[in-house]
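The values are calculated or read from the model by the stated rules, or taken from the named source; none is laboratory data. Everything numeric in this text was worked out from a predicted model, so none of it was measured. Methodologically, a virtual Cβ is constructed for each residue, glycine included, from the backbone with ideal geometry; neighbour enumeration extends over all protein chains shown. Keep in mind that these areas ignore ligands, DNA and RNA; they rest on the heavy atoms of the full protein, side chains included. Shrake-Rupley method; radii C 1.70, N 1.55, O 1.52, S 1.80 Å.
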Amino acid sequence: MNVLGIETSCDETSAAIVSYKDNRFSVLSNIISSQIPIHQATGGVVPEVAAREHVKAILPVINAALWDSQTEWKDLDRIAVASGPGLITSLFVGTETAKTLSYLWKKPIYPVNHMEAHIAANFLSNKPIKYPALCLIVSGGHTEIVLMPQKGKYKLIGQTRDDAAGECFDKTAKIMGLPYPGGPEISKLAAKGKAAIDFPRPMLDSDNYDFSFSGLKTAVLYEEPNFKKYSKADIAKSIEDAIIDVLVDKTKRAAEEYKVKTVMLAGGVSANKSLREKFRKSFKNILIPGMEFTTDNAAMVAAAGAFTGKANNLFKVQADPNWEITPR
Ligand code: KG4
Ligand code: ZN
């Protein structure tokens, strides 16, 4: 089966062709047009600007994905599109393009939840997954612990009450005067630093699997007048440690309580080297997406679309900015 994946939830326009045969995935192409340089001017994503850029990029990106994979549209079996959650104006572009192509090419359309797609980035490695499994999804908009009692079943057991982990990286980086997106910048600096400031580990001891990162952001803001005392690398390492400690500790506790057999990591923040290392050390049976499948990409959307059971009537498919990952 050949799946065209389309991703436009936030600020990456992406299209991919993924083949799924005999229970194995092969990524034939995965084109990503990033808007990061555009959003650096404003220090964050302006939704209207993001949507305009998606409109410009979507058809060339899909065309490049077909070209790169040496696949013709006739060889496609389905079209999978991330239709939520995300920025509504950005989601519209991918969703309406997918519907138009589905109508024109007479190919079935499969709307995919963007968070499920992040989890599915782990399926692309073709490694066996034993259930129950659990996934920590850490991105710019979400921090969620999702339990998978069996394949294709999802239960949200914890999430952030305010800022997402990626958002915390981005906002604290801004306080440090680093460019957008701050996650990779903090990560690069932290690799050369040592923990020097004892920032709070919010909700570390709370009796649930929820997170809260806005207090950490405020703590960094209060410490800002003292930044001169430390190197940038040491400040970055102190922030990174505070975020990662909570992520690792809560995932460990959830994995124990639910006696899971596989732990997965997903989302843009899973590109963080230190987080990847700590997860590898903490769990026996661990899956972490390849670097190119951590931040938003369409290969993960195609992978999730290959699993989703039913094609939708294209006239009923709608972008849904608040689509929660729920049991099917
Ligand atoms: O999954 P993603 O591409 O988009 C959303 O769905 O939100 O995640 C983007 C987030 C940003 O907040 C970015 O700063 C963060 O992932 N990120 C990182 C790293 N690379 C990307 N955070 C920490 N360390 C990194 N190496
Ligand atoms: Zn994402």
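How about the range 172-192: which of its residues are part of a loop (DSSP other than H, G, I, E, B) and open to solvent by 20 Å² or more (accessible area, probe 1.4 Å)?
Across the range 172-192, the qualifying residues are G177, L178, P179, Y180, P181, A191, K192.
Given Q40, Q35, which one is farther than 22 Å from T143 by Cα, under 19 Å from the mean Cα position of the chain (by Cα) and either surrounded by fewer than 15 Cβ atoms within 10 Å (Cβ to Cβ) or free of Cβ contacts under 8 Å to residues at least 60 places away in the same chain (or both)?
From the options Q40, Q35, the qualifying one is Q35.
Kindly evaluate A82 against the criterion of being out of contact with any Lys or Arg (no Cβ under 6 Å at 6 or more places or on another chain), under 23 Å from A164 (Cα atoms), part of a strand (DSSP E or B) and not polar (S, T, N, Q).
So A82 passes the test.
Looking at the structure I just gave you, is Y209 more than 13 Å from ligand 1 (Cβ to nearest atom) and buried (at least 24 other Cβ atoms within 10 Å of the Cβ)?
No; evaluated as a whole, the condition is false for this residue.
Residues checked against (1) open to solvent by 60 Å² or more (accessible area, probe 1.4 Å); (2) closer than 21 Å to K217 by Cβ; (3) within 12 Å of ligand 1 (Cβ to nearest atom):
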site: A255; (1), (2), (3): no, no, no
site: K259; (1), (2), (3): yes, no, no
site: G267; (1), (2), (3): no, yes, yes
site: L287; (1), (2), (3): no, no, no
site: A299; (1), (2), (3): no, no, no
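For the range 83-142, give me each residue that is among the hydrophobic types (A, V, I, L, M, F, W, C) and open to solvent by 10 Å² or more (accessible area, probe 1.4 Å).
Result: L87, I88, F92, V93, L101, L104, W105, F123, L124, I129.
Output the residue which, of all residues in the range 7-19 that are away from ligand 1 (no atom under 15 Å from the Cβ) and surrounded by 20 or more Cβ atoms within 10 Å (Cβ to Cβ), is nearest to the chain's Cα centre (by Cα).
Residue satisfying both the conditions and the ranking: A15.
Being of a type outside the set (A, V, I, L, M) and either within 18 Å of L275 (Cβ to Cβ) or in contact with a helix residue (DSSP H, G or I) (Cβ under 9 Å, 6 or more places away or on another chain) (or both) is the filter here, so list the residues in the range 298-311 that pass it.
The answer is G305, F307, T308.
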